[in-house]
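Heads up: the structure comes next, in structure tokens.
The values are calculated or read from the model by the stated rules, or taken from the named source; none is laboratory data. Worth saying up front: this structure is predicted, and the values here are computed from it rather than measured. Using ideal geometry, Cβ is built from the backbone for each residue, glycine included, and neighbour counts are taken over all protein chains shown.
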Ligand SMILES: *[C@@H]1O[C@H](CO)[C@@H](O)[C@H](O)[C@H]1NC(C)=O
Ligand SMILES: *[C@@H]1O[C@H](CO)[C@@H](O)[C@H](O)[C@H]1NC(C)=O
Ligand SMILES: *[C@@H]1O[C@H](CO)[C@@H](O)[C@H](O)[C@H]1NC(C)=O
């Protein structure tokens, strides 16, 4: 009797432990599912407190994870990590709060450069190291092989390098016997490349050579708009036959204040949730770009230096919600709980899209071209000329599409902390007006 109840107690304790663990997410067809067979929709937050690695300070992660749980988040996106750091404390803190991680594999020095595109051993080794560092955590949701590598339509030839990176990291994942953690790309929203870029990355008859998921960084839903006036109906149209999970890897326009996050009810509601797997809202920390949902203290002069102060903002401490933006997002997410389809009832039928043909002045990759091998480099030529000299810097629109002060942009990680919000807004307006 006594022995039996001990066994029962042990079983119960074990069940409790298992329940506290987050069930790993996998990509099946065009959807994400957890291990219980429930469809997974991201309610995510971009989280990069410092350029180096926001996932090594356990106590900070615990404070942030706890408030994110209150907010209703179930995912974070981190752009840069140090693969040599110890991430267990932070990953546990986020898992305990029910939060998954999307992490970019590139670093400031190893991101694919769209002007002189390359995929070399140094890059591969660096990406693999980040994969190694996070493959062991059940709450690692996915990896990006690039963020906005292509920031202008005339850089679209670099897409072959992005796809080569996905191919090789997927092969590496397999060789190491890791769980099939999805490998994808996070794209700048460039009207002339829709839907060619997303289709190219998932096209072809060999699934080992295409992405497992596609993230779009889109800031088109500003203020009082709807599916039509925001352009989201167009995004829906291009997602309607997409064969792998597609989601917003950054979103959250700031041109209309306060932010109401009405886009969330479109993305997670009936208009889009049959096609899209949720969104990552940009971003957690308040800094110069003015997208922050919380702050760690009042801004100081940009020249002030001190522990955890950088670019005029505190980067650690107790997170204080930015009002009313934080509670507006919280209220949106509270009402949005799509259940989708159970994995047992889901039979994927969508096949990869055809590899798009090139178009004059637009998409520059013609069909299912041979992917570069490791060590290959390509100088992107100016459109319509044979000159070997690349003249573009990719900076202006590249940064407009990347309103982050800490992540690597297409041009190798230039920071834009000093960039004025007005300028970002103007440039964003320009992009979406196209
Ligand atoms: C590999 O690519 C990176 C990123 O473009 C570049 O900085 C580096 O110099 C390249 N290394 C070699 C050995 O070609
Ligand atoms: C599919 O792609 C992988 C990675 O490039 C390659 O190893 C494999 O041979 C390809 N399979 C077929 C059937 O071509
Ligand atoms: C690419 O387009 C940009 C913006 O239109 C332009 O400034 C740049 O010169 C172009 N680059 C090339 C290589 O043609």
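Tabulated values for the structure
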quantity	calculated
The stretch 34-55: number of residues that are free of Cβ contacts under 8 Å to residues at least 60 places away in the same chain and surrounded by fewer than 24 Cβ atoms within 10 Å (Cβ to Cβ)	5
Selection within the stretch 99-120 - away from ligand 1 (no atom under 14 Å from the Cβ) and farther than 21 Å from residue 214 by Cβ	99
Selection within the stretch 295-324 - more than 17 Å from residue 53 (Cα to Cα) and out of contact with any strand residue (DSSP E or B) (no Cβ under 7 Å at 6 or more places or on another chain)	298, 301, 302, 303, 304, 305, 306, 312, 318, 323, 324
Only listed residue being within 16 Å of ligand 2 (Cβ to nearest atom), farther than 22 Å from residue 188 by Cβ and in contact (Cβ under 8 Å) with a residue 12 or more places away in the chain, chosen from 168, 132, 96	168
Any hit, the stretch 163-171, residues being more than 13 Å from residue 371 (Cα to Cα) and within 16 Å of ligand 3 (Cβ to nearest atom)	no
Options 27, 65; residue that is out of contact with any strand residue (DSSP E or B) (no Cβ under 7 Å at 6 or more places or on another chain) and touching a residue at least 12 places away in the same chain (Cβ under 8 Å)	65
Residues of the stretch 254-285 satisfying the condition of being surrounded by 23 or more Cβ atoms within 10 Å (Cβ to Cβ) and farther than 29 Å from residue 240 by Cα	284, 285
The one condition in (1) over 21 Å from residue 100 (Cα atoms); (2) in contact (Cβ under 8 Å) with a residue 40 or more places away in the chain; (3) touching a strand residue (DSSP E or B) at 6+ places or on another chain (Cβ under 8 Å) that residue 327 fails to fulfil	(2)
Enumerated helices (runs of 4 or more DSSP H) restricted to the stretch 324-434, each holding at least 3 residues that are modelled with pLDDT of 95 or more, within 16 Å of ligand 1 (Cβ to nearest atom) and buried (at least 19 other Cβ atoms within 10 Å of the Cβ)	none
Hits in the stretch 21-33 (condition: surrounded by 16 or more Cβ atoms within 10 Å (Cβ to Cβ) and closer than 14 Å to residue 137 by Cα)	22, 23, 24, 25, 26
Given (1) within 17 Å of residue 173 (Cα to Cα); (2) out of contact with any helix residue (DSSP H, G or I) (no Cβ under 6 Å at 6 or more places or on another chain); (3) more than 10 Å from ligand 1 (Cβ to nearest atom), index of the condition residue 123 fails	(3)
Selection count where residues are within 15 Å of ligand 1 (Cβ to nearest atom) and surrounded by fewer than 24 Cβ atoms within 10 Å (Cβ to Cβ), scope the stretch 131-163	2
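Matching residues to (1) closer than 28 Å to residue 138 by Cα; (2) touching a strand residue (DSSP E or B) at 6+ places or on another chain (Cβ under 8 Å); (3) more than 16 Å from ligand 3 (Cβ to nearest atom):
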| position | (1), (2), (3) |
| --- | --- |
| 159 | no, no, no |
| 173 | yes, yes, yes |
| 182 | yes, yes, yes |
| 190 | no, no, no |
| 203 | no, no, yes |
| 213 | yes, yes, yes |
| 219 | no, yes, yes |
| 226 | no, no, yes |
